[in-house]
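A quick write-up on the structure given underneath.
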Amino acid sequence: MDKKGLIRRKYSLKRKKNYFEISKSFFNPLVKLIKTKKIKKISLYFPNSYEVNLLKIFELKYFKKFKFLLPIIKENQLMHFHEWQYQEILFVNKYGILEPLNSKIIIPDLILVPLLAFDKNKNRIGYGKGYYDRYLNRYLKIHKKIITVGVAFSFQKHHNLPINKNDFKLDYIITEKGITE
């Protein structure tokens with residue numbers, strides 16, 4: 001197993017062992033960030049495998065005015081974002097992840113990115129399939145204003161992650177302890 005694989009395994013187990021439900025206050029730093037930007041479309045992920053449960057965002061009145069998106073994995077190893085309304089029916093993809101109906105592709109203003117580990121430089125290690133890295137490397141050339149926020153628990157911080165030219169550096173990381181810039 002390579003170095004990234006070992007880190008994935010370590011933090012996957014750590015997240016399972018230390019998982020907890022976040023409170024609504026988790027989103028306070030995100031609200032402050034959004035207020036300084038022109039955000040209308042927010043991409044979430046549907047939580048699984050002990051990821052931070054972002055669905056609590058729907059309990060906050062502030063977020064009622066936004067359009068929410070979820071990723072859909074395509075056959076050609078690509079990912080796109082599609083509109084989703086809370087409690088709308090979802091379908092299970094080949095990875096066991098819930099996805100919305102395949103509707104019109106929408107480019108988000110802000111992407112909340114799942115991860116297994118992050119470091120002080122806002123690098124991330126995901127699940128190893130490269131969907132977010134490919135999406136961001138492709139779309140940020142055209143849509144330079146997309147904001148990326150990695151979502152994690154503070155215990156997922158690793159001292160220094162191994163990265164390569166295909167890995168995408170995030171703009172921010174949000175944990176239960178706040179947001180890093």
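Laboratory data are not the source of any read-out in this text; all were calculated from the coordinates shown. Since the model is a prediction, treat every value here as computed from it, not as a measurement. We place every Cβ from the backbone using ideal geometry, glycine too, and count neighbours over all the protein chains shown.
Listed cross-link partners LYS35/LYS157; LYS3/LYS94; LYS24/LYS177; LYS74/LYS104 are compared with a 20 Å cut-off, the Cα-Cα value being larger for LYS35/LYS157; LYS3/LYS94. In plain terms, the chain from GLN85 to ASN121 could stretch by 9.6 nm, reckoned as 0.36 nm per residue minus the Cα-Cα distance. Residues considered: TYR19, TYR11, TYR45. Largest GNM mean-square fluctuation over the chain, using C-alpha springs under 10 Å, is found at TYR19. Dividing the summed helix terms, -39500 (n - 2.57) for each DSSP H run of n ≥ 4, by the number of residues in the chain produces a 222 nm estimate of -5500 deg cm²/dmol to the nearest 500.
At an R0 of 22 angstrom, the distance between the Cβ atoms of GLU181 and PHE155 translates into a FRET efficiency of 0.60. Using the Cβ-Cβ distance between ILE107 and ILE163 with R0 = 30 Å, the FRET efficiency computed as 1/(1 + (r/R0)^6) comes to roughly 0.75. The dipole here belongs to the chain: it is taken about the Cα centre, uses +1 on the Cβ of Lys and Arg and -1 on the Cβ of Asp and Glu, and is about 460 debye.
All Cα-Cα separations within segment 1-51 were binned at 10 Å from zero, giving a P(r) of 19, 33, 30, 17, 1, each value a whole percent of the pairs. With coordinates expressed along the principal axes, the C-alpha atoms belonging to segment 1-142 extend over 44, 36, 32 Å, beginning with the largest. Of the beta bridges in segment 3-180, as assigned by DSSP with both residues counted there, near 50 percent are antiparallel.
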